[in-house]
1. Return the pair list, or none, for Cβ contacts closer than 6 Å from residues in segment 21-43 that are over 14 Å from residue 191 (Cβ atoms) and touching a residue at least 24 places away in the same chain (Cβ under 8 Å) to residues that are away from the ligand (no atom under 15 Å from the Cβ) and assigned to a loop (DSSP other than H, G, I, E, B), at least 6 apart or on different chains.
2. Quick test of your reading of the structure: residue 28 fulfils all but one of (1) within 12 Å of the ligand (Cβ to nearest atom); (2) under 25 Å from residue 179 (Cβ atoms). Name the failing condition by number.
3. If residue 9 meets every condition in (1) touching a helix residue (DSSP H, G or I) at 6+ places or on another chain (Cβ under 9 Å); (2) closer than 30 Å to residue 132 by Cα apart from one, which number is that one?
4. Looking at (1) modelled with pLDDT under 95; (2) under 22 Å from residue 177 (Cα atoms); (3) near the ligand (Cβ under 8 Å from one of its atoms), find the lone condition where residue 19 falls short.
5. Given segment 26-141, what helices (runs of 4 or more DSSP H) lie entirely inside it while holding 2 or more residues that are in contact with a helix residue (DSSP H, G or I) (Cβ under 7 Å, 6 or more places away or on another chain) and surrounded by 13 or more Cβ atoms within 10 Å (Cβ to Cβ)?
6. What's the number of the condition residue 183 fails, among (1) under 19 Å from residue 123 (Cβ atoms); (2) within 14 Å of the ligand (Cβ to nearest atom)?
7. Of the numbered conditions (1) in contact (Cβ under 8 Å) with a residue 40 or more places away in the chain; (2) under 15 Å from the mean Cα position of the chain (by Cα); (3) farther than 30 Å from residue 179 by Cα, residue 104 satisfies every one except a single condition; which is it?
8. Among the residues of segment 137-151, are any within 12 Å of the ligand (Cβ to nearest atom) and free of Cβ contacts under 8 Å to residues at least 24 places away in the same chain?
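The values are calculated or read from the model by the stated rules, or taken from the named source; none is laboratory data. Model, not experiment: these values are computed from the prediction. Backbone-built Cβ (ideal geometry, glycine too); neighbour counts: all protein chains shown.
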Ligand code: 5GP
């Protein structure tokens, strides 16, 4: 008999910007046996080159974002940077659950803990730990996606976010990307395949 794919788990990746979490999430999404689908968040920031509406984010204006807050459409949302709102729609989780998928989230630290607390039984919250704040600054500069002012804003926030790491289920150190990918695969695969208590 063919084995049914495991479904319905929530895998949360949170970390300071530049820690490599997006790379890890993309890597895991390429593994069909994990049966993962990406939770597309709503964002009010400008679209970067190469990003697609509906794939990377649902890009909307800050005004539309505030309307969705009023309509109670979010499971969680945060003003991650001043006037840049990000949030997970209830309808997005329902959409992916209906497809029979495990859902993977790439969201900020507070949002990650918020989802973990709302879905304590089916979620695994992973904090990706960068080697150091200096290294993080170097990565953000190399990425060249933000102005130096915005980079500084992200570094300040990263320092604050490190304090939340102990509240996560797993801390995944990303000193070496290949090693981190292997560790991430092992952690997620074991969690998805474990039988319910
Ligand atoms: P970026 O602008 O680099 O794409 O994302 C900035 C931060 O917002 C990242 O830490 C990213 O993980 C986070 N983020 C993305 N989507 C969401 C979301 O739906 N909710 C929350 N709370 N944070 C999010």
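1. If the second residue must be away from the ligand (no atom under 15 Å from the Cβ) and assigned to a loop (DSSP other than H, G, I, E, B), the pairs left are 37/101.
2. (1)
3. (2)
4. Residue 19 satisfies every listed condition except (3).
5. The qualifying helices (runs of 4 or more DSSP H) are 109-118.
6. The one condition residue 183 does not meet is (2).
7. Only one criterion is unmet by residue 104, namely (3).
8. yes
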